[in-house]
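The values are calculated or read from the model by the stated rules, or taken from the named source; none is laboratory data. As the structure is a computational prediction, the values presented were derived from the model and not from experiment. Backbone-built Cβ (ideal geometry, glycine too); neighbour counts: all protein chains shown. Just so you know, the surface numbers come from the protein's heavy atoms only, side chains and all, with ligands and any DNA or RNA stripped out. Shrake-Rupley method; radii C 1.70, N 1.55, O 1.52, S 1.80 Å.
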Amino acid sequence: MKKILFVAMQMSTHTVRWINQISEAGWDVHLFPVNYLPVHPELRGVTVHQPWKVVHPKRFLKNLIKNPSSIFGRGTSQDAKQCPVNSIFPLPVLTRWLPYLNGFKRVSLGESDATAPLMYGPVVLARLIKKLKPDLIHSLEFQHCGYNVLKAKEIHGPGFPKWLATNWGSDIYYYRQFEAHRSQISRLLRNLDYYSCECVRDVEMAKELGLQAEVMPVMPNTGGLNLDLVNSLRSIHPVAQRKILMVKGYQHFAGRALTALDALERCVVELKGYQVVVFSASPEIFGRVEELRDFVGIDIKVLPHASHDVVLRMFSRARAYLGVSVSDAISTSMLEAMAMGAFPIQTNTSCCSEWITCGKSGFEIPVDDPEAIAIRLKRVLADDELVESAAAINWVTVQERLDQKVLKEKAAGFYRTIFSKEV
């Protein structure tokens with residue numbers, strides 16, 4: 001049985017949605033996490049490799065009395081639904097110590113400013129690779145995961161396994177503008193055996209930076225959607241009658257939710273009768289949301305942390321979706337909005353042009369011009385024919401390109417293709 005070792009952010013829903021597509025496809029699937037945080041509870045069919053076996057203080061004493069040897073080597077989670085856990089070093093550690101051990105020392109991952117916790121860094125990863133002997137290493141994301149594998153490859157030396165790297169949203173598009181990251185990205189790309197991404201745009205950029213590896217089929221990094229469920233939800237509320245506007249709330253190195261909120265302030269008249277719902281909100285925007293509500297008069301609220309299903313249901317009640325960022329790949333939120341019939345308004349710093357036609361099935365907007373964004377938003381709020389037509393067009397696109405069953409098979413095809421070359 002072929003072994004696949006993922007190096008990925010173990011708490012990320014993107015990681016979960018990708019790995020769960022292939023975890024029951026007949027391969028031996030493993031995961032090396034990036035820090036001490038817990039593994040996402042929805043991850044299935046994967047053996048997780050921690051630097052040491054993690055034990056809870058009360059369970060530690062109880063298990064030690066019952067079976068002293070149980071604290072060493074291989075162990076499983078107390079929750080049968082969770083993934084098995086392997087320890088790379090035969091030592092236990094109490095959960096209360098983990099934050100201190102994780103932050104005790106960080107190590108450089110190369111010429112950029114990227115670092116990793118010592119015990120989740122390249123030396124430990126290289127040790128695991130020599131011990132596990134995977135047939136393929138698949139890193140999901142570049143700056144935390146791909147750089148880690150690159151450094152581990154240098155430590156490992158000859159005989160390193162085949163390596164597939166997937167770049168997420170901003171991994172190349174954003175970080176290539178920084179000289180040290182650009183150099184490290186180029187080294188990473190030159191060391192790959194296989195490359196995958198979700199934008200045709202990123203394939204071309206990768207080649208410009210030195211990629212010569214085989215490129216896997218371009219597809220969304222989070223897989224597809226259950227179209228039966230989507231169709232049952234999206235048809236409940238006619239698009240032109242919907243009175244909710246969904247706004248992505250990220251305000252960080254790439255997200256520009258504050259610009260989105262500035263655009264909303266310019267639409268105060270047109271937003272009468274609408275409710276604005278801000279999801280995935282960063283702490284920086286809460287004050288601005290309160291200001292728009294209390295002093296400008298916009299009916300706006302922040303959606304507390306919600307499950308994927310809840311967000312989908314909110315999109316099924318939304319007339320439009322607004323996402324503003326300086327960098328992205330194909331925004332998963334935009335795809336979900338399209339699927340649910342909400343009109344997508346997305347910054348042109350993503351590869352949204354590969355999914356929508358500006359002015360027909362969505363709007364591309366500039367990242368730093370709230371006035372231009374407001375003009376587009378006013379059009380969407382006023383034009384029933386536009387949003388209804390766009391919903392019909394986007395549903396065809398979703399059926400053709402976002403079917404969960406089709407993309408699950410496509411993802412599994414990555415590994416079949418790679419392993420077939422080794423026969």
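Each row is one residue, and each column tells you yes or no for (1) open to solvent by 10 Å² or more (accessible area, probe 1.4 Å); (2) part of a loop (DSSP other than H, G, I, E, B); (3) at positive phi.
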{"residue": "Leu233", "(1), (2), (3)": "yes, no, no"}
{"residue": "Leu245", "(1), (2), (3)": "no, no, no"}
{"residue": "Thr259", "(1), (2), (3)": "yes, no, no"}
{"residue": "Leu264", "(1), (2), (3)": "no, no, no"}
{"residue": "Val269", "(1), (2), (3)": "yes, yes, no"}
{"residue": "Gly273", "(1), (2), (3)": "yes, yes, yes"}
{"residue": "Val277", "(1), (2), (3)": "no, no, no"}
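When each of Ile172, Ile137, Ile155 is tested for being part of a loop (DSSP other than H, G, I, E, B) and either touching a Cys at 6+ places or on another chain (Cβ under 9 Å) or among the β-branched types (Val, Ile, Thr) (or both), the lone residue that passes is Ile172.
Just wondering, is there one or more residues in segment 348-356 that are touching a helix residue (DSSP H, G or I) at 6+ places or on another chain (Cβ under 9 Å) and more than 20 Å from Thr332 (Cβ to Cβ)? Walk me through how you get there before you give the answer.
Taking segment 348-356 first, the residues touching a helix residue (DSSP H, G or I) at 6+ places or on another chain (Cβ under 9 Å) are 350-356.
Still in the running and more than 20 Å from Thr332 (Cβ to Cβ): none.
So far as segment 348-356 goes, no, none of its residues is touching a helix residue (DSSP H, G or I) at 6+ places or on another chain (Cβ under 9 Å) and more than 20 Å from Thr332 (Cβ to Cβ).
Looking at Arg416, Arg401, Arg376, can you tell me which residue is over 28 Å from Asp228 (Cβ atoms) and open to solvent by 20 Å² or more (accessible area, probe 1.4 Å)? Let's see the steps before the verdict.
Values: Arg416 fails: over 28 Å from Asp228 (Cβ atoms); Arg401 fails: over 28 Å from Asp228 (Cβ atoms).
None of the others qualify; the one that does is Arg376.
Scanning segment 370-377 for residues that are assigned to a loop (DSSP other than H, G, I, E, B) and touching a strand residue (DSSP E or B) at 6+ places or on another chain (Cβ under 9 Å) turns up nothing. For segment 92-111, the criterion of being within 26 Å of Val215 (Cα to Cα), open to solvent by 10 Å² or more (accessible area, probe 1.4 Å) and either at pLDDT 95 or above or outside any helix (DSSP H, G or I) (or both) is met by at least one residue. Within segment 189-212, the set of residues being of a type outside the set (S, T, N, Q), under 18 Å from Ser331 (Cα atoms) and touching a strand residue (DSSP E or B) at 6+ places or on another chain (Cβ under 8 Å) comprises Cys197, Val203. Exactly one residue among Ser170, Ser196 is open to solvent by less than 30 Å² (accessible area, probe 1.4 Å) and either within 20 Å of Leu125 (Cβ to Cβ) or at pLDDT 95 or above (or both), and that residue is Ser196. Candidates in segment 1-46 are the residues that are of a type in the set (Ser, Thr, Tyr) and under 23 Å from Gly224 (Cβ atoms); of these, the one that is most open to solvent (accessible area, probe 1.4 Å) is Thr13.
For segment 176-190, what are the residues that are open to solvent by less than 50 Å² (accessible area, probe 1.4 Å) and either closer than 23 Å to Trp18 by Cα or not in a helix (DSSP H, G or I) (or both)?
Let us first name the residues in segment 176-190 that are open to solvent by less than 50 Å² (accessible area, probe 1.4 Å), namely 180-181, 184-186, 188-189.
Answer for segment 176-190, where residues must be open to solvent by less than 50 Å² (accessible area, probe 1.4 Å) and either closer than 23 Å to Trp18 by Cα or not in a helix (DSSP H, G or I) (or both): Ile185, Leu188, Leu189.
Pairing residues of segment 251-274 that are in contact (Cβ under 8 Å) with a residue 40 or more places away in the chain with residues that are among the acidic types (Asp, Glu) and in a loop (DSSP other than H, G, I, E, B), at Cβ distances under 9 Å and at least 6 apart in sequence or on separate chains, gives Ala254/Asp328; Gly255/Asp328; Arg256/Asp368; Thr259/Asp368; Thr259/Asp369; Ala263/Asp369; Leu271/Asp299; Tyr274/Asp299.
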